[in-house]
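Novice: Structure below; questions to follow.
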Amino acid sequence: MNLRKGVFNFLILACVCVFYSFDSAYAENYNTVEFPVIMYAVPASNQNFREVKSLGVNHVHLYGLTAGRLTNKKLLEIKKYLDLAHHHKLKVLLDLDGKRRVASGRLEEMRVLVRRFRDHPAIAYWYLFDEPNKIVSADKLMPYYNMIKKESPNIPIALCHLWSEKNWSTYNQVQDAVLYDIYPVRGERFPYSKLDNQTEFTRLVNNSSNDKEVIPVLQFFSWKSLKASSFSNLLKQHDYNDLRYPNYEEFRYLCFSSIAQGVDGLAFYSFLRAKMLDPSWIKNVASPVMREMVSFMSIVNNEKLKYSAISDNKSDGYLLSSWVGEQENYIIMVNTTNQKKNITLKYKETFSSGNIETFGSTRDVKIKAVSDNFVIENVNPWEVIVLKQKVN
């Protein structure tokens, strides 16, 4: 068999095959509106906007931007944020301060915001409410949703839901985009963080939100950055000093497992919290993963690859998805457990004839052909394997 680095002929299936990594060049234009990459808590400044854009972020959000009375000064402040974002070719989830305005019945005040900024080119989403469960019902949000749709029918309305609440799916009639947060890396040693909670939540949201945009909000901080007074039963089993950021493997899992589940975008909480304790975490961990992720999604969008979910975490204990195009195909396989194991792929058609390479930072892996199955050996806990297949 003629074997060279990164490429081999997959027609010979009886032998053990080795995938070799290659240094892929990241897409030069990796900001793409087809796949929203959203960063929370980004104050307005040229430096901040340049930094998040360098990560591949194409949408920004800022809590409190529209809070308070809508004086001329406040409206100008909002416009300046939108103008600067547009200057940096960033879109905005405009936070409508729903918690305050809905609680106090200020529908007309919210209408002023929508009318004032609906034609601004930076507006991508109206962020109506953050974690509404136990605060406001879908029925109470309905007049606000209807007003926004009447005033601005083409701009989607987003809600964000807290993972621990049980009735997040009851808000479907007042949301066009479903954002949801679960931050699983707390104080456990690797690989014992419950990353599969994120994967299971995504599976549930996908199953109940077929006509909505599904966008998970991924952990971009250490729980240590929250004030001690905010600790709840969620963290009581952890020593404060053990709380930490996601490591490289965990963060890559959170990003690529979500993509393998077919989400419509990714969001990250948050820019400011990430910088509170260890600003170098963004450079050393988040940046390489995000650039790889956005590079992959740029290829998917630019080449209009067709997505298929082949297996899921619930039925198979791993994720396997494919993206098929005219010239090349891609495959993502993810170990959704904290155990090192061999994974049997019972889908022969996944690996049709053609040249195969590993993509991005995927390590060299071994695949063994056994009868009609393929076995990937020694898959590490939470490991992501991305393969590129050239079509003959």
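The values are calculated or read from the model by the stated rules, or taken from the named source; none is laboratory data. Being a predicted model, the structure only gives us computed values, none of them experimental. Methodologically, a virtual Cβ is constructed for each residue, glycine included, from the backbone with ideal geometry; neighbour enumeration extends over all protein chains shown.
Novice: Among all residue pairs at least 6 apart or on different chains, which show Cβ distances below 8 Å where the first residue, located in the stretch 49-63, is at positive phi and the second is modelled with pLDDT under 95?
Specialist: Note: pairs meeting the criteria are GLY56/TYR30; GLY56/ASN31.
Novice: Picking from LEU195, LEU179, which residue would you name as being hydrophobic (A, V, I, L, M, F, W, C), out of contact with any Phe, Trp or Tyr (no Cβ under 7 Å at 6 or more places or on another chain) and in the same structural domain as ARG244 (by TED's automatic domain parsing)?
Specialist: Sole residue among the options that is hydrophobic (A, V, I, L, M, F, W, C), out of contact with any Phe, Trp or Tyr (no Cβ under 7 Å at 6 or more places or on another chain) and in the same structural domain as ARG244 (by TED's automatic domain parsing): LEU179.
Novice: If I ask for residues that are among the acidic types (Asp, Glu) and at pLDDT 95 or above, which ones from the stretch 26-77 would you list?
Specialist: The answer is GLU51, GLU77.
Novice: Within the stretch 215-242, how many residues are at pLDDT 95 or above, of a type outside the set (S, T, N, Q) and touching a helix residue (DSSP H, G or I) at 6+ places or on another chain (Cβ under 7 Å)?
Specialist: Residues in the stretch 215-242 being at pLDDT 95 or above, of a type outside the set (S, T, N, Q) and touching a helix residue (DSSP H, G or I) at 6+ places or on another chain (Cβ under 7 Å): 4 in total.
Novice: Cβ-Cβ under 6 Å, sequence separation 6+ or interchain: first residue in the stretch 142-162 and closer than 19 Å to GLU213 by Cβ, partner among the basic types (Lys, Arg). Which pairs?
Specialist: Sorted first by the residue in the stretch 142-162, then by its partner, the pairs are SER152/ARG118.
Novice: Please specify each residue of the stretch 241-251 satisfying the condition of being in contact (Cβ under 8 Å) with a residue 24 or more places away in the chain and assigned to a helix (DSSP H, G or I).
Specialist: Selection gives ASP242, TYR248, GLU249, GLU250, PHE251.
Novice: Going by what's in this entry, would VAL136 be described as farther than 22 Å from ASN207 by Cα, in a loop (DSSP other than H, G, I, E, B), within 18 Å of the chain's Cα centre (by Cα) and not hydroxyl-bearing (Ser, Thr, Tyr)?
Specialist: The answer is no for VAL136.
Novice: Residues ILE331, ILE385, ILE310: which one is within 23 Å of TYR192 (Cβ to Cβ) and in a strand (DSSP E or B)?
Specialist: ILE385
Novice: Something else: Would you point out which residue out of SER321, SER258 is of a type outside the set (A, V, I, L, M, F, W, C), touching a residue at least 40 places away in the same chain (Cβ under 8 Å) and part of a strand (DSSP E or B)?
Specialist: SER321
Novice: Mind counting the residues in the stretch 69-106 that are touching a helix residue (DSSP H, G or I) at 6+ places or on another chain (Cβ under 7 Å), more than 26 Å from GLU213 (Cα to Cα) and not in a helix (DSSP H, G or I)?
Specialist: Result for the stretch 69-106: 1.
Novice: Can you pull out every residue in the stretch 84-108 that is more than 18 Å from ASP130 (Cα to Cα) and acidic (Asp, Glu)? First the steps, then the outcome.
Specialist: First pass over the stretch 84-108, keeping only residues more than 18 Å from ASP130 (Cα to Cα): 84-91, 108.
GLU108, the sole residue that qualifies.
Novice: Determine which member of the set VAL300, VAL379, VAL384 is more than 16 Å from CYS255 (Cα to Cα), buried (at least 18 other Cβ atoms within 10 Å of the Cβ) and touching a strand residue (DSSP E or B) at 6+ places or on another chain (Cβ under 8 Å). Spell out the reasoning first.
Specialist: Working: VAL300 fails: more than 16 Å from CYS255 (Cα to Cα); VAL384 fails: more than 16 Å from CYS255 (Cα to Cα).
Testing whether each residue is more than 16 Å from CYS255 (Cα to Cα), buried (at least 18 other Cβ atoms within 10 Å of the Cβ) and touching a strand residue (DSSP E or B) at 6+ places or on another chain (Cβ under 8 Å) leaves just VAL379.
Novice: While we're looking at this one, here's another question. Report, by residue number, each residue of the stretch 303-325 that is within 19 Å of the chain's Cα centre (by Cα), surrounded by 20 or more Cβ atoms within 10 Å (Cβ to Cβ) and among the small types (Gly, Ala, Ser).
Specialist: Result: SER321, SER322.
Novice: Can you tell me which residue in the stretch 166-187 is farthest from SER257 (Cα to Cα), limited to those that are without any contact (Cβ under 8 Å) to a residue 40 or more places away in the chain and more than 20 Å from the chain's Cα centre (by Cα)?
Specialist: Filtering the stretch 166-187 for residues that are without any contact (Cβ under 8 Å) to a residue 40 or more places away in the chain and more than 20 Å from the chain's Cα centre (by Cα), the one farthest from SER257 (Cα to Cα) comes out as GLN173.
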